[in-house]
1. Can you tell which of L102, L119, L114, L96 is at negative phi, not polar (S, T, N, Q) and not in a helix (DSSP H, G or I)?
2. Regarding the stretch 24-45, can at least one residue be identified that is more than 10 Å from the ligand (Cβ to nearest atom), at negative phi and in contact (Cβ under 8 Å) with a residue 60 or more places away in the chain?
3. So which residues in the stretch 131-149 are touching a Ser or Thr at 6+ places or on another chain (Cβ under 9 Å) and either in contact (Cβ under 8 Å) with a residue 40 or more places away in the chain or open to solvent by 60 Å² or more (accessible area, probe 1.4 Å) (or both), if there are any at all?
4. Would you please list the contacts, defined by Cβ atoms under 8 Å and residues six or more apart or on different chains, that run from a residue in the stretch 48-62 that is under 14 Å from F86 (Cβ atoms) to a residue that is open to solvent by 50 Å² or more (accessible area, probe 1.4 Å) and part of a loop (DSSP other than H, G, I, E, B)?
5. Could you tell me whether the stretch 175-188 includes any residue that is over 30 Å from R69 (Cα atoms), within 16 Å of the ligand (Cβ to nearest atom) and open to solvent by 40 Å² or more (accessible area, probe 1.4 Å)?
6. Identify the single condition in (1) in contact with a helix residue (DSSP H, G or I) (Cβ under 8 Å, 6 or more places away or on another chain); (2) assigned to a helix (DSSP H, G or I); (3) open to solvent by less than 40 Å² (accessible area, probe 1.4 Å) that L160 does not satisfy, given that it satisfies every other one.
7. Looking at the stretch 139-153, can you tell me whether even one residue there is under 20 Å from A17 (Cβ atoms) and among the hydroxyl-bearing types (S, T, Y)?
8. Counting just the residues of the stretch 46-62 that are in a helix (DSSP H, G or I) and near the ligand (Cβ under 8 Å from one of its atoms), which one comes out nearest to Q104 (Cα to Cα)?
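The values are calculated or read from the model by the stated rules, or taken from the named source; none is laboratory data. Keep in mind that this is a model prediction, so the values were computed, not measured. Backbone-built Cβ (ideal geometry, glycine too); neighbour counts: all protein chains shown. Remember, those area values only see protein heavy atoms, side chains included, never the ligands or the DNA or RNA. Shrake-Rupley method; radii C 1.70, N 1.55, O 1.52, S 1.80 Å.
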Amino acid sequence: MKLVFLGPPGAGKGTQAVRVSAQLGIAHISTGDILRTAIQEGTPEGMLAKTYIDKGQLVPDEMVLAIVRERILRPDCAKGFLFDGFPRTIVQAAALEKMVKLDQVVNLDVSDDLIVSRLSARRTCGVCKTPAIAKDGEAVCPVCGGQLIQRSDDKPETVLNRLGVYHKQTAPLIAFYRSLGLLMNVDGSKQPDAVFDAVMRQLGEKHDID
Ligand code: AMP
């Protein structure tokens, strides 16, 4: 199974991608995670990517495409994979069409208002990496008690840039994939469990999954 998860930043792509890929036994490929790891490791690629990410802009298509071309050749992709946060431009989507035959594109539909409030509260545990929501100034991970941290690109001024970039560069992919007959819309405004159930049910209606 080869899937793409599409949606604005904060739609829940990462949360759902982790669960759906585990359920289907396929690799989870987050270009954002790969870029953040490169930044942490201080590679030249990471340093260049940081200049774009910190401004809420997309990194150049060629850099992301090189990462993806290499990543899908790894053994864990043999049974399939799920892209989370890729493709983000028509150029990337057209290049992907030449690389693999996708089975489905899942579009998580969430309004701009909800995105802004979700992203401003979004945190990640600095220790176990569990996604969390900051409630009433609470800064402790509900799973391990570690310190919750905010992604630098989730700061309010960057969030608005990222949303603008999404509408201009990524939202056109909805029509692109609809025209290829690959689009599946899911209401992403519900609680994570309900979204997961809807994704699995709708995938099950279209594909043979266990
Ligand atoms: P994400 O974790 O998917 O929200 O990605 C964080 C940031 O990494 C984005 O705001 C972009 O700057 C960059 N990024 C991730 N994936 C891509 C992509 N497919 N194309 C261009 N930039 C990307």
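1. Just a single option satisfies the conditions, and that option is L102.
2. yes
3. Keep residues of the stretch 131-149 that are touching a Ser or Thr at 6+ places or on another chain (Cβ under 9 Å), which gives 131-132, 134, 141-144, 146, 148-149.
Within the stretch 131-149, P131, P142, V143, C144, I149 meet the criteria.
4. Matching pairs, first to second residue: L58/R88.
5. Among the residues of the stretch 175-188, not one is over 30 Å from R69 (Cα atoms), within 16 Å of the ligand (Cβ to nearest atom) and open to solvent by 40 Å² or more (accessible area, probe 1.4 Å), which makes the answer no.
6. (3)
7. No - not one qualifying residue is present in the stretch 139-153.
8. Within the stretch 46-62, the subset in a helix (DSSP H, G or I) is 46-53, 61-62.
Pick out the ones that are also near the ligand (Cβ under 8 Å from one of its atoms) and you get 49, 52-53, 61.
On the way: A49: 28, Y52: 29, I53: 28, D61: 22 Å.
Restricting to residues being in a helix (DSSP H, G or I) and near the ligand (Cβ under 8 Å from one of its atoms), the top hit is D61.
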